[in-house]
Amino acid sequence: MFREITVAKQAETGPKRRWYQSDYFDLFVFYFRHGERADAKADREFVGLQLCYDIRRNQRTLEWKKEAGFSHHRVNKGSDTLSDHGASASLLEKGGEFDANAVLGRFMRESEGLPPIVRKLVMEKLAEYARTHNANAGGPASQGSLRDMGQGMGQDEGPPDAQSSLGPISEPFEPT
């Protein structure tokens, strides 16, 4: 089950971010808020996400940026020595296998508590990446398996659709 990690300080410029974590995932969502009032359900424009998965054993990261598209990395934890900042050095190595069905299935099981708009964004982007990169340990991701992963998203939300756009969205998503 995901829980939100409160980000103490947001950047003054650039997109706002939200951080959610489970035992298996770290999820970072980046967006611009177009409304000025904190109490307004202002439009959000999602501009990126980073889904880190299998974070305790063999961490990989799927990243989507509105302007640059997708990238997938394997995280090389580096040595056990600490860097100048007190953390072990980690490096991102491009590529690595993406098992779409396993990640989608696990995400669906653990994401029930996420804000619906965030859950939908991640589901759409995972499905889009799987379709466009034929990412699946057993071969190309099948529409049937992706459709099955879309079940339980809510009665108005069908299976993720790569054609849909999540530009400005107006739904409950409280600002931080």
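Values in this text are rule-based calculations from the coordinates and carry no lab data. All values reported here derive from a predicted model rather than from experimental measurement. All Cβ positions, even for glycine, are placed from backbone atoms using ideal geometry, and neighbour counts span all protein chains on display.
Taking other C-beta atoms within 10 Å as the exposure proxy, I5, I55 rank I5, I55 from fewest upward.
For the pair R17 and R56, the difference between a 0.36 nm per residue extended length and the Cα-Cα distance amounts to 11.8 nm. Of all lysines in the structure, those lying under 22 Å Cα to Cα from K9, and not within fewer than 8 positions of it along the same chain, are K41, K65.
Sorting 60-72, 117-129 by average packing, meaning the other beta carbons within 10 Å per residue, from highest down gives 117-129, 60-72.
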